[in-house]
1. Run down Glu135, Glu101 and say which single residue is of a type in the set (Asp, Glu) and closer than 30 Å to Gly151 by Cα.
2. Just the residues that are more than 21 Å from Arg36 (Cβ to Cβ), touching a His at 6+ places or on another chain (Cβ under 9 Å) and not aromatic (Phe, Trp, Tyr), please, taken from the range 117-160.
3. Out of everything in the range 111-136 that is within 12 Å of the chain's Cα centre (by Cα) and of a type in the set (D, E, K, R), what residue ends up being surrounded by the fewest Cβ atoms within 10 Å (Cβ to Cβ)?
4. For the range 63-103, how many residues are among the polar types (S, T, N, Q), closer than 26 Å to Phe42 by Cα and over 14 Å from the mean Cα position of the chain (by Cα)?
5. Among the residues of the range 137-156, how many are of a type outside the set (Ser, Thr, Tyr) and within 16 Å of the chain's Cα centre (by Cα)?
6. Of Arg105, Arg144, Arg88, which residue is basic (Lys, Arg), surrounded by 20 or more Cβ atoms within 10 Å (Cβ to Cβ) and in a strand (DSSP E or B)?
Amino acid sequence: MNNDLTHLNEDGSVHMVDVGEKPQTERRAVFQSRVRMGKVLFEKLEQSALPKGDALNTARIAGIQAAKRTAHLIPLCHPVFLTSIEVRFELEKETHSVRIEAEARTVSATGVEMEALVAAQTAAMTLYDMGKAVERGMVITDSRLLHKSGGKSGTYQAEK
């Protein structure tokens, strides 16, 4: 069996990695997702005029809640005490898109990339749910890690 595969035991069975001996360090991750939509929906979102209510604040709350539940969703993900989770939105008028940025922080023996990813994706899915009465053709796209710091592997910064 390949010992480089950290989530496999010697017999090939899946297991959760033991992080008990790893040092507790400050860790931060930022993930991005984007929701593209038509002009009509974008304008309604911009004006807070969607039939279901305030989509951006609802999506922010959904992203925060989801980040706190990441270990329940991803089978081999460790439960992490989050010191901070932020979900930010940028409305991009020229492309009728909402850029979502989720930032997770902790002091832990393991990172928070998955918490930031789950927050960004859940916020995007919530925007879809809030806007689908107006338009069903939205596209969730551009999901990617923008930044990761802390831990043994150091800092990662995505190219612009």
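1. Only one candidate qualifies: Glu101.
2. Thr155, Gln157
3. Glu113
4. 2
5. 7
6. Going through Arg105, Arg144, Arg88 in turn, just one is basic (Lys, Arg), surrounded by 20 or more Cβ atoms within 10 Å (Cβ to Cβ) and in a strand (DSSP E or B): Arg105.
Quick note: the coordinates plus some simple rules give every number you see, no bench work behind them. The model shown is predicted, which means the values in this text are computed figures rather than measured ones. Glycine also receives a Cβ, built like all others from the backbone with ideal geometry; neighbour counts cover every protein chain displayed.
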